[in-house]
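Please read the structure below before turning to the comments.
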Amino acid sequence: MQDSLVIPVASESEFDYVRRDSSRGFREEGVRPMFDWFRKRGASKPELIHPPWRAGQYVTYYMEREDGFWLGLGLRLLGQTEDGAWIIQGDFKARAGEGTVWFRSDPAAPPDEPDPTPVRQEYVRAPPEQVDPMTRMREDPLMTSSLAMNLLFVRRWPSAAESLQTEPRAVHYPCEIERAHLLVTDGPGYKKHHDIHPRVMLTGVACLSVDGHRNPITVTSFGLNDPEADGPSSYDDFIDLSHPKRVTHDGFALTYPATWFLRQADQESEQKSSVKDYFSQVGGISCALTLSVTVKEGSAEEIAQERDAAVAKMSAPLDGPMGLLVPRQPLRLPGNAQGFISDLKNPGINGAAYSATYVSDDGRRFAHVIAFLCVSKENPRAKATLSAVEQTAREILESFAFV
């Protein structure tokens, strides 16, 4: 178990994984030639409809179609390659599974050619094989990567920049977006309606819908989570707390927002280990949350000791890297779960840790779930965010179950 509550940082970023030339890199997998093939030059720089790109920017979207299909989508700028191309990580979650697609965006791409382009993809949770082929294809998260490209294409259209000169219309979207500029384009037999807003990171698109109301894909959060930044340059760092979905992982199920991507850390090294760790980090520099799950298998005696140690730690003040965590009253949870809330003592940060321990009915499995929020006291939404996260965290902890 972890000795303190910290926001985890992976030893190797996804950007390093994608860009480097090694046995797992582009050259060995045949993706480097794809990069060369997709390279374009000679285009003029388009007028921006969003903040200038920089590493660490993120944006999330949620879509629910008329047929019941839903999708949680997250886009994140990992950085630039040596030749100046941007690498974008796209995470996709649907009812049947979850996956990641990496895109390459060339700043010199001609305006009349597609950009960005996908260069690598992998499943995190593949759709089950027993589902009939048509349903499996319809629910496959990686089949929806074109939606991310549609959102990213808009930024390169002259008509999108021109729309910013029109009178904005009243809207009601997350992230305090109450006005947007409407851009309507032709699709095959329908009209695509884009609500453009220049605060939205990466894309500038607050909502994309068919014929103005059908199958909308709507922004749910955006911001900057660059760990190299000295501090917040704005307080446009949002956490998406909407659309909770139940996800079954290896050995447990948990309900959390559709645009949170809970991934197993160091999966290769943990394949034979009795301990598995899962992490999801959302938000940015001025407002961030980490959801972590640790699951351990062992004898009934070992699990009892693990639970007792965790309970003792969460019941007392805990000195961590962000400051002192002081326990409140215990959190009442169903079954044998034991819950805790601790408040962060830090002169510049409001924060709280919501945690719970669980033991399986046979006494041989233990789980520890932690939702840890930090928000700058200068952030104008600090108190409201703390209150909203507390309710969401309680619901997450109440939802845990071994499977």
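The values are calculated or read from the model by the stated rules, or taken from the named source; none is laboratory data. These figures come from a predicted structure and were not determined experimentally. Note that we place each Cβ from the backbone using ideal geometry, even for glycine, and neighbour counts take in every protein chain shown. When the accessible area is computed, the model is the full protein with side chains, heavy atoms only, and any ligands, DNA or RNA have been set aside. Shrake-Rupley method; radii C 1.70, N 1.55, O 1.52, S 1.80 Å.
Here are the numbers:
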quantity: Scan of the range 149-163 for residues that are more than 23 Å from Val119 (Cα to Cα) and either over 27 Å from the mean Cα position of the chain (by Cα) or surrounded by fewer than 22 Cβ atoms within 10 Å (Cβ to Cβ) (or both), ordered by number; calculated: Pro158, Ser159, Ala161, Glu162, Ser163
quantity: Complete set of residues in the range 129-153 that are closer than 15 Å to Asp195 by Cα and touching a Lys or Arg at 6+ places or on another chain (Cβ under 9 Å); calculated: Asn150
quantity: When residues of the range 128-148 are limited to those that are polar (S, T, N, Q), at pLDDT below 90 and in a helix (DSSP H, G or I), the one most open to solvent (accessible area, probe 1.4 Å); calculated: Thr135
quantity: Residue that is modelled with the lowest pLDDT, among those in the range 183-238 that are surrounded by fewer than 15 Cβ atoms within 10 Å (Cβ to Cβ) and hydroxyl-bearing (Ser, Thr, Tyr); calculated: Ser233
quantity: All positions within the range 244-260 that are more than 17 Å from Ile177 (Cβ to Cβ), in a loop (DSSP other than H, G, I, E, B) and either among the aliphatic types (A, V, I, L, M) or within 14 Å of the chain's Cα centre (by Cα) (or both); calculated: Ala258, Trp260
quantity: Hits in the range 97-127 - residues which are in a loop (DSSP other than H, G, I, E, B), open to solvent by 60 Å² or more (accessible area, probe 1.4 Å), of a type outside the set (D, E, K, R) and free of Cβ contacts under 8 Å to residues at least 40 places away in the same chain; calculated: Pro114
quantity: Members of the range 199-243 that are closer than 19 Å to Leu78 by Cβ, part of a strand (DSSP E or B) and aliphatic (A, V, I, L, M); calculated: Leu224
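Yes or no, residue by residue, for (1) open to solvent by less than 20 Å² (accessible area, probe 1.4 Å); (2) touching a residue at least 60 places away in the same chain (Cβ under 8 Å):
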residue	(1), (2)
Lys276	no, no
Ser292	yes, yes
Glu297	no, yes
Leu331	yes, yes
Glu378	no, yes
